[in-house]
Amino acid sequence: MNLLKGRIKIIDQYIIGKYLGTFIYTLAIFVIIIVVFDLSEKMDDFMKSGLSFWGILSKYYAGSIPFYVNMLSPLINFIAVIFFTAKMADQTEIVPILSGGVSFNRFLFPYLVSATIIFSANLLSNLYILPYTNTLKNRFENTYVKRNDPSTKSNIHMKLDDKTYIYIDNFDNKTNSGYRFSLDNFSGDVLTKKIVAENIKWDSLKRKWQLNNYSIRKIDGLKETMIYGNGKQKDTILDMRPDDFSAYDNVVQNLTTKELSDKIRKEKIRGTGVMNDLQFEKYKRYLHPLSAFVLTLIGVALSSRKVRGGVGVSLGIGIFISFAYIVFNQFTQMFSTKGGLPPFAAVIMPTLFFGLLGFYLLRKAPK
């Protein structure tokens, strides 16, 4: 019995090493290939940017490589499990393990340990690393790659709180400046204050808004007071930020988890129409890493028996299923952000569906 326990621990270490080693190696190969293609595609933009090699590396690839790693992780995880498990089955390594008294569920233990490691890494990355690296990547793309894309947003109406409403005729995301700004402050249904400014600009150092050529009208019953600031500037604190008016779709990816929660809370008041995007991003950060467990179960169930055709058959089926998983994720995201599907349902559906498929395949797998 002690000898069997010792062998099981050795087998556990062997499977975990093979799993994680294959995963990291395959992921590195795919990332290198994507970076090469991305470099060839964006070479003209890099040349026009005027940045040095180190500038491109630190301002773009420092952000894009973590993005690619996160995007490819489910696919590579699945391929890694199928590849080395099918290879073990083809070399008749699994049959002696199960014939030696190890149950199939016990055989799954090192796979689940490895999946837990990948899950934890993806979760920590989603919550703490990717918001920062996505900011680097998206800022570079918005400045140098999407330079011809519209950078302004027009006719902005927003409710800041229960009594404050603002309007901006158009906002330029490159200069963080808005034109023809007005603010209305109400007490119930009665207007108590109105601010009008020709220009409003975000001061990133002071973290305040700067009003230019402004006028302030204060109303107290029948008494009105006017303050004119023609040719003058005035700093003011408003509960809004430049990214609230962003014309770019990728701005949500830049928010930290705390900023995302705060923005969801504010959006319940403002109602600007981006609630689904915000909630989808938040749920995705927590739930997408579960794919490590789901795809591991499916991978082991598909590749743990020796089949005619060798590793290639299992690998082909695995690649097809992994792409189906990714496509399913993209469809649910589209239906959530554009079609009204609840964000939580959109995020959990692919994981739930393929999770049930994984358990079904495990029940049918030869023990």
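A few notes on this one:
- Accessible area (Å², 1.4 Å probe, nearest 10) - Ile321: 20
- Crossing angle, helix 343-364 versus the chain [Cα axis fit, 0-90 degrees, rounded to tens]: 0
- Taking every Cα-Cα distance in the stretch 2-114 and sorting them into 5 Å bins starting at zero, the pair-distance distribution P(r) comes out as 2, 10, 17, 17, 12, 9, 8, 7, 6, 5, 4, 2, 1, 0 percent.
- Mean separation of Cα pairs under 8 Å and 6 or more residues apart, divided by the residue count, gives the stretch 163-225 a relative contact order of 24 percent.
- Rounded to the nearest 10 degrees, the angle from helix 130-140 to the longest Cα principal axis of the chain is 60 degrees.
- Here the Karplus relation 6.51 cos²θ - 1.76 cosθ + 1.60, evaluated at θ = phi - 60°, turns the backbone of the stretch 180-196 into coupling constants of 6, 9, 9, 10, 10, 10, 10, 10, x, 9, 9, 6, 10, 7, 9, 10, 10 Hz, with x for every Gly and Pro.
- Taking every protein chain into account, the 1.4 Å probe leaves Arg305 with about 130 Å² of accessible area, to the nearest ten.
- Heavy-atom accessible area with a 1.4 Å probe sorts His157, His288, largest first, into His157, His288.
- Surface listing: Tyr132, Tyr14 arranged by accessible area from highest to lowest gives Tyr132, Tyr14, probe 1.4 Å.
- For the peptides 18-27, 181-190, the ranking by packing is 18-27, 181-190, with the highest mean count of neighbouring Cβ atoms within 10 Å listed first.
- Of Pro350, Pro342, Pro96, the one that fluctuates the most in a GNM where the chain has Cα springs shorter than 10 Å: Pro96
- Accessible area in square angstrom per residue, the chain, 1.4 angstrom probe: 55
- Taking all Cα pairs closer than 8 Å and separated by 6 or more residues, the relative contact order of the chain comes to 19 percent.
- Of the whole protein surface, Thr256 contributes about 60 Å² of accessible area at a 1.4 Å probe radius.
- With the Kirkwood sum run over all distinct C-alpha pairs, the chain has a hydrodynamic radius of 24.2 Å.
- In a simple Cβ point-charge model (Lys, Arg +1; Asp, Glu -1; nothing else charged), the chain has a dipole of about 800 debye relative to its Cα centre.
- Computed over protein heavy atoms with a 1.4 Å probe, the carbon and sulfur contribution to the accessible area of the chain reaches 61%.
- Degrees, to the nearest 10: 104-124 long Cα axis against longest axis of the chain: 20
- Of the cross-linked pairs Lys153/Lys284; Lys87/Lys282; Lys174/Lys232; Lys59/Lys263; Lys258/Lys338, those separated by over 32 Å at the C-alpha level are Lys87/Lys282.
- Computed on protein heavy atoms with a 1.4 Å probe, the accessible areas place Ile319, Ile237, Ile129 in the order Ile237, Ile129, Ile319, largest first.
- Of Phe67, Phe171, Phe335, the residue with the greatest mean-square motion in the GNM of the chain, using alpha carbon springs below 10 Å, is Phe335.
The values are calculated or read from the model by the stated rules, or taken from the named source; none is laboratory data. Note that the coordinates shown come from a computational prediction; the quantities given were computed from them, not determined experimentally. Neighbour counts run over all protein chains shown; Cβ positions are idealised from the backbone, glycine included. All accessible areas refer to the heavy atoms of the entire protein, side chains included, with ligands and DNA or RNA removed. Shrake-Rupley method; radii C 1.70, N 1.55, O 1.52, S 1.80 Å.
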